[in-house]
Amino acid sequence: MTTPEPEQLEQAGLRLDLEGAVATITLDKPARRNSQTPRMWHALAGIGASLSDEVRVVVIKGAGECFSAGIDTRLLTGEGVDGEDSVADLMRASDEQILETIDGYQRGFTWLADPQIVSVAAVHGYAIGAGFQLALACDLRVVADDAQFCMKEPALGLVPDLAGTKPLVELVGPSRALEMCATARFVEADEALELGIATVVVPRAELDATTSDLVDAIIASNTGAVRETKALVQQAGERDLEAQRLAERQAQVRRFRDLVGGG
């Protein structure tokens, strides 16, 4: 699949920069606090499907004052967004069509779990609703000390439906995840670090440099080993010990063969 054209990305509110093994995706609608729409989600999925095997790290960040303040709420009202289907438009479809449509939205998030890449969210300011879920879709989160996370959907009469509930539960447990979602409260950077949502918290002025250092450290490790390890870590919680031990052995055989040129 070809990478979306710059004009398509601009219309979706995104910017893509490819530099060697690193792809940097910037949510680039600062005037609207990087609010998200279906067009953005489809463009994100298009980027994920088009990345070459040479890309090892994907960084997602937000332009302006925040990472993302979530869904563009005009989609939930009669105002709407030019060129975008509103919720009212969606409701004219059958349940099966709606399910398929939301599946397409989710794919803008789920590709970030691909073991071929390590995904890093560089979060500052608001990460609300869809913004929180996009950060959760990434493997690692470098968080500025001004960051505020919030799963706002229940306060809007909705549920988090962009594949964010699974990583949230995996990070903080079901009880804390429910409390955060049901109350739609804000979680600030220090608490996010304590709960395991943030990989690291740094002063806002150090966010870019810290993210860059992390990316460099990942790239310095062996490509195949990082990809195999991510796959092992992802499945560890779903396997019993014996199954995980077997998966580790099988992965190590592949690594041995690769290293000695026998695979």
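All of the numbers you see were taken from the coordinates with simple rules; none came from a lab. This structure is a prediction, so every number in the text was calculated from the model and none was measured. With ideal geometry, Cβ positions are generated from the backbone for all residues, glycine too; neighbour counts draw on all protein chains shown.
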For this session: Write down the Kirkwood hydrodynamic radius of the range 1-150, to one decimal in angstroms, obtained as one divided by the mean of 1/r over all alpha carbon pairs.
Result: 15.6 Å
For this session: Could you work out the relative contact order of the range 58-178, using alpha carbon pairs under 8 angstrom and six or more residues apart, expressed as a whole percent?
Result: 27 percent
Exercise. Relative to the compact globular guide of 2.2 N^0.38 Å, what is the alpha carbon radius of gyration of the chain, as a ratio?
Worked result: 1.03
Exercise. Any idea which of ASN222, VAL59, LEU168 is furthest toward the positive side of the dipole for the chain, if Lys and Arg beta-carbons carry +1 and Asp and Glu beta-carbons -1?
Worked result: ASN222
For this session: Select from the chain the helices, each a whole stretch of DSSP H, whose alpha-carbon atoms run 24 Å or more along the helix axis and whose Kyte-Doolittle mean is at least -1.0; answer none if there are none.
Result: 241-260
Exercise. Any idea how far apart ARG92 and GLN252 come out in nm if each label point goes 7 Å out from Cα toward Cβ?
Worked result: 6.0 nm
Exercise. Seen from all sides and averaged, what is the projected area of the convex hull of the Cα atoms in the range 16-62, in nm²?
Worked result: 3.2 nm²
Problem set entry | Quarter of Cα convex hull surface for the range 11-97, i.e. mean projection, nm² | 6.8 nm²
Exercise. With r defined as the distance between the Cβ atoms of LEU18 and THR110 and R0 fixed at 25 Å, what FRET efficiency is calculated, to the nearest 0.05?
Worked result: 0.75
Problem set entry | Under 23 Å from LYS166, Cα to Cα: lysines that are on another chain or at least 8 residues apart | LYS61, LYS152, LYS230
Problem set entry | the range 41-99: GluC sites (Glu not before Pro) in DSSP loop, at most 12 other beta carbons within 10 Å | GLU54, GLU79
For this session: Give the distance, in whole Å, between the Cα centre of the range 74-98 and the Cα centre of the range 126-185.
Result: 23 Å
Exercise. Between VAL260 and ARG239, what length comes free when the chain is fully extended (0.36 nm per residue of separation minus the Cα-Cα distance, one decimal in nm)?
Worked result: 4.6 nm
Seminar exercise, completed: Proxy exposure order for HIS42, HIS124 (fewest C-beta within 10 Å first) is HIS42, HIS124
Problem set entry | Antiparallel bridges, percent of DSSP beta bridges restricted to the chain (to nearest 5) | 25 percent
Seminar exercise, completed: Per residue, the convex hull enclosing the Cα atoms of the range 162-263 spans a volume in Å³ of 137 Å³
Exercise. Which percentage, to the nearest 5, of the DSSP beta bridges contained in the range 1-115 is antiparallel?
Worked result: 45 percent
For this session: Please give the length that would be gained between SER52 and ASP103 if that part of the chain were fully extended, namely 0.36 nm times their separation in residues minus their C-alpha to C-alpha distance (nm, one decimal).
Result: 16.0 nm
For this session: Pop out the Kirkwood hydrodynamic radius of the range 93-215 from its pairwise C-alpha distances, inverse of mean 1/r, in Å to one decimal.
Result: 14.9 Å
